[in-house]
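What follows is a single structure, written as structure tokens, with notes after it.
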2 protein chains.
Amino acid sequence: MTATDKVYPVAGIRLASVAAGIRYSGRDDLVAIELADDASIAAVFTRNAFCAAPVTVAREHLEAGTPRYLLVNSGNANAGTGDNGLRAARESCKSLAAAAGCALSQVAPFSTGVIGEDLNTQAIAAAVPSLLEGLQEEGWQRASQAIMTTDTVAKLVSRRVKVGDSEVTVTGMAKGSGMIRPDMATMLAYVATDAGMPQELLQQCLNEAVAPSFNSITVDGDTSTNDACVLIATGCSDVVVDDLESSAGNTVCSAVLDVCMELARAIVKDGEGATKLVEIHVSGAASVEEARDVAYTVAHSPLVKTAMFASDPNWGRILAAVGRAGVEALDLDAVRILLDDVLIVSGGGRDAGYTEEAGQAVMDRDAYTIHIELGRGDASSLVLTCDLSFDYVKINAEYRS
Amino acid sequence: MTATDKVYPVAGIRLASVAAGIRYSGRDDLVAIELADDASIAAVFTRNAFCAAPVTVAREHLEAGTPRYLLVNSGNANAGTGDNGLRAARESCKSLAAAAGCALSQVAPFSTGVIGEDLNTQAIAAAVPSLLEGLQEEGWQRASQAIMTTDTVAKLVSRRVKVGDSEVTVTGMAKGSGMIRPDMATMLAYVATDAGMPQELLQQCLNEAVAPSFNSITVDGDTSTNDACVLIATGCSDVVVDDLESSAGNTVCSAVLDVCMELARAIVKDGEGATKLVEIHVSGAASVEEARDVAYTVAHSPLVKTAMFASDPNWGRILAAVGRAGVEALDLDAVRILLDDVLIVSGGGRDAGYTEEAGQAVMDRDAYTIHIELGRGDASSLVLTCDLSFDYVKINAEYRS
């Protein structure tokens with residue numbers, strides 16, 4: 001499965017993938033993304049204090065100007081590698097820059113995979129020539145597979161929207177399955193459009209798209225060291241956005257948001273061992289922070305997550321998680337909890353009309369929403385998560401072996 | 001297994017257990033604990049906002065004076081049951097009070113088990129006569145089994161200490177295996193001593209014993225709705241503590257702490273599906289809160305916990321958890337991480353002297369300590385936890401079926 005049927009290439013973006021033998025054998029693990037000369041780029045990165053070496057180097061290079069190439073490897077996160085890691089990230093960029101005839105700072109590096117092992121820069125250097133040769137606009141599909149680690153499906157979403165008489169394409173890919181609780185952006189996501197947009201607007205467009213998508217999902221609560229989300233505007237179509245509030249700005253940013261939402265959803269759906277896709281919707285909170293705290297407390301509760309896995313309407317676990325979420329002076333009588341449209345909890349306990357059968361019918365679904373109404377205010381938050389299954393444990397107990 | 005070899009009864013405490021048929025069949029599920037006339041009692045309860053009905057009622061009754069009886073049932077938590085739950089808790093107390101000839105407020109109720117189901121008060125009322133008949137000083141062992149739910153072993157710890165020429169006994173029991181991340185006290189723990197101690201001192205002694213024991217353990221981060229820890233001083237020995245700083249006060253409180261520590265350790269060791277007992281020791285923090293935040297972030301990380309289960313020295317997951325713990329302006333170069341005495345991380349990455357073999361040797365142990373040195377200050381914290389195994393998922397996916 002991919003998250004979309006039709007993949008539209010983006011004028012001004014070429015991609016290539018090769019099997020460099022960084023960790024995996026017999027599969028692609030190195031990707032180059034080439035940007036048109038006049039492209040602009042926006043990015044958000046992990047807020048994990050132990051951010052990976054490529055995150056540090058990519059930040060530096062993006063500050064120096066718009067890159068010509070993004071260089072992405074899977075299999076090794078180049079995180080927790082100290083000064084060696086920084087050297088290795090820069091060296092990889094240098095190999096590509098030398099072969100492509102651009103400045104070192106015009107290559108931005110990204111890595112995903114095991115933490116704490118030295119990156120094989122020689123393997124990367126050896127693969128650079130064939131990488132440059134393979135660049136093509138149709139490279140999205142193969143690149144979306146090359147960046148996978150424990151992902152079981154590639155995540156690729158594409159939209160084509162009308163702006164006046166012109167058409168704009170937005171295509172994006174992402175990877176991520178475990179260590180997913182993005183705190184600025186998710187593992188790795190690359191979204192590109194052929195619309196033109198100055199950098200400041202592009203960054204704003206990205207920030208607004210990331211908040212409800214990648215920044216509102218969680219698989220296991222473990223914020224990665226390598227999270228990065230990049231948005232590129234190549235300017236190769238005849239649509240230029242110079243005002244986000246304009247009709248063109250609205251249309252393009254909506255398409256970007258749409259692509260990010262679908263990629264984020266695809267990540268949770270492919271969460272390690274996931275069998276259920278569950279939205280946690282908290283409303284009636286005194287503040288958005290309070291709503292998010294409650295939503296994440298429920299989304300991270302191992303007891304709630306195992307009940308999801310078992311399709312067991314064990315709503316007491318949801319109630320217990322809400323109760324420990326740190327909401328001050330919570331009025332229990334005002335709290336309501338629903339599974340989709342089935343009212344379970346009202347007045348501090350089981351609603352009089354609730355039946356186990358009705359709850360069971362919802363929990364049996366592959367996807368559903370837990371609504372938690374706090375009855376304290378107008379703020380709300382929506383978090384997307386999955387269940388905790390045998391396979392999550394299996395995957396993570398065996399990941400390195 | 002029990003957590004202790006020899007169980008000393010406590011003069012002034014009698015216990016009885018019966019099979020009341022509240023949820024389980026063919027096993028004890030109802031316990032009464034009788035206190036001597038002049039006993040004093042101290043208690044701490046869950047801070048979960050959705051605290052169970054018996055927690056509310058027990059708090060009320062304890063405020064009214066020293067109870068004569070504690071009434072404990074397993075199989076049903078009587079939580080999330082609203083006004084019905086409060087009525088049921090009071091009715092259970094009333095049955096016992098009527099039969100024993102004491103005031104309703106002299107019975108304090110406690111419940112543990114499934115959340116959200118109505119408590120069978122008739123079953124309790126029917127069992128009260130045989131419960132009162134069965135009271136005996138030697139009832140600890142049987143009672144410690146009767147309060148179990150998903151526990152696989154009873155948790156019972158006993159100490160006898162010298163105070164001058166006299167002897168003081170401290171004996172305690174606890175239950176708890178899942179939904180364990182106490183936030184005042186653990187699921188249910190009852191500790192008694194035959195020393196005499198006024199209520200205010202007893203409460204202080206309990207608070208000090210609970211902080212490093214029950215309040216520093218976590219199995220799954222899920223703070224229960226029913227946590228309660230009770231300390232009783234019967235005054236039946238000839239030792240009276242009227243000053244915690246006195247030699248007698250020190251000796252008795254140390255024994256109480258010792259019993260609480262061992263019971264807490266027994267709970268984590270018997271954590272649902274647990275195969276490993278791991279101490280997370282965070283030092284060099286700017287504050288105790290910071291140290292605790294880091295320790296709990298590591299202790300709750302599903303990725304760290306599955307690596308423990310797999311005996312996999314995948315220390316990158318520990319590093320990533322430290323990095324996302326929200327420590328502001330963390331100096332990565334100052335951070336050191338050790339597995340027991342094996343230095344893994346220094347200077348922001350893998351220590352030069354670290355070998356996978358050395359890390360593997362520690363992770364293979366049944367119990368070990370993860371030391372995290374932040375290099376920012378003098379505060380520290382110690383949290384005890386266990387791994388996340390297939391069986392945790394199995395137990396919690398099947399708990400109600």
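All of the numbers you see were taken from the coordinates with simple rules; none came from a lab. All figures in this text were calculated on a predicted structure; none of them were measured in a lab. Cβ placement follows ideal geometry from the backbone for every residue including glycine, while neighbour counts extend to all protein chains displayed.
In nm, give the distance between the simple-model label positions of A:GLU60 and A:ASP243, each being 7 Å from the Cα along the Cα-to-Cβ direction.
It is 4.1 nm.
Mind checking which of A:VAL345, A:VAL219, A:VAL327 has the largest fluctuation in a GNM of chain A, springs on alpha carbons under 10 Å?
A:VAL327
Applying 1/(1 + (r/R0)^6) with R0 = 35 Å to the Cβ-Cβ distance of B:ALA367 and B:ALA329, what FRET efficiency is obtained, to the nearest 0.05?
After rounding, the FRET efficiency stands at 0.55.
Between copies, how far apart are the B:GLY26 label points? List them in nm, one decimal, shortest first, with each point 7 Å from Cα toward Cβ, please?
Here the equivalent label points are 5.0 nm apart from this one.
List the trypsin sites (Lys or Arg not before Pro) within the stretch A:275-382 that fall in a DSSP loop (any state other than H, G, I, E or B) and whose Cβ has at most 16 other Cβ atoms within 10 Å.
Of the trypsin sites (Lys or Arg not before Pro), the ones in loops of the stretch A:275-382 whose Cβ has at most 16 other Cβ atoms within 10 Å are A:ARG365.
Label A:THR152 and A:LYS6 with points 7 Å out from Cα along Cα→Cβ: what is the distance between them in nm?
Once both label points are built, they end up 2.9 nm from each other.
Find every distance from the label point of A:GLU398 to the corresponding label point in the other copies (7 Å from Cα along Cα→Cβ) and write them in nm, one decimal, shortest first.
2.0
Can you give me the C-alpha center-to-center distance between the stretch A:68-133 and the stretch A:206-224, rounded to a whole angstrom?
25 Å
Hey, got the dipole for the protein assembly as shown? About the Cα centre, +1 on K and R Cβ, -1 on D and E Cβ, debye to the nearest 20?
1140 debye
Where in chain B are the helices, taken as whole DSSP H runs, whose Cα atoms extend 24 angstrom or more along the long axis and whose Kyte-Doolittle mean reaches at least 0.0?
Correct list, ordered by number: B:247-269.
Defining the label point at 7 Å along Cα→Cβ, can you sort the distances from B:THR355 to the same site in each other copy, shortest first, in nm?
The projected label point of B:THR355 is separated from its counterparts by 6.7 nm.
Which residue, A:ALA39, A:ALA320, A:ALA295, has the most motion in a Gaussian network model of chain A that connects Cα atoms within less than 10 Å?
Of A:ALA39, A:ALA320, A:ALA295, the most mobile in the Gaussian network model is A:ALA320.
Per residue of B:111-118, how many C-beta atoms from partner chains lie within 10 Å of its own C-beta, taken as a mean?
Averaged over the peptide's residues, the number is 4.
List the equivalent ellipsoid semi-axes of the stretch B:13-269 in whole Å, largest first, each obtained as the square root of 5λ for an eigenvalue λ of the Cα gyration tensor.
Semi-axis lengths for the stretch B:13-269 are 27, 20, 16 Å.
How high is the relative contact order of chain B? Use alpha-carbon pairs under 8 Å, at least six apart in sequence, and give a whole percent.
Relative contact order comes out at 17 percent.
Given a 10 angstrom Cα cut-off, can you work out which residue in B:VAL362, B:VAL72, B:VAL252 is the most mobile in a GNM of chain B?
B:VAL362
When A:SER346, A:SER246 are ordered from fewest to most other Cβ atoms inside 10 Å of their Cβ, what list results?
In order of increasing Cβ crowding within 10 Å: A:SER246, A:SER346.
Antiparallel as a % of all DSSP beta bridges within the protein assembly as shown, to the nearest 5?
In the protein assembly as shown, approximately 70 percent of DSSP beta bridges are antiparallel ones.
Which of rounded, prolate or oblate describes the stretch A:277-398 when judged by the alpha-carbon gyration tensor and an a/c cut-off of 1.5?
oblate
Could you work out the longest stretch of chain A that avoids the GluC sites (Glu not before Pro) located in DSSP loops with at most 13 other Cβ atoms within 10 Å?
Within chain A, the longest run free of exposed GluC sites (Glu not before Pro) spans A:1-137.
Can you find, among A:LEU132, A:THR149, A:SER166, the residue farthest towards the positive end of the dipole of the stretch A:120-167? Put +1 on the C-beta of Lys and Arg, -1 on that of Asp and Glu.
About the Cα centre, the residue reaching furthest to the positive side is A:THR149.
Relative contact order for the stretch A:227-305: what is it in percent, counting Cα pairs under 8 Å that are at least 6 residues apart?
12 percent
With each label point set 7 Å from Cα along the Cα-Cβ vector, what nm distance links B:LYS394 and B:LYS162?
In this crude spin-label approximation the distance works out to 4.9 nm.
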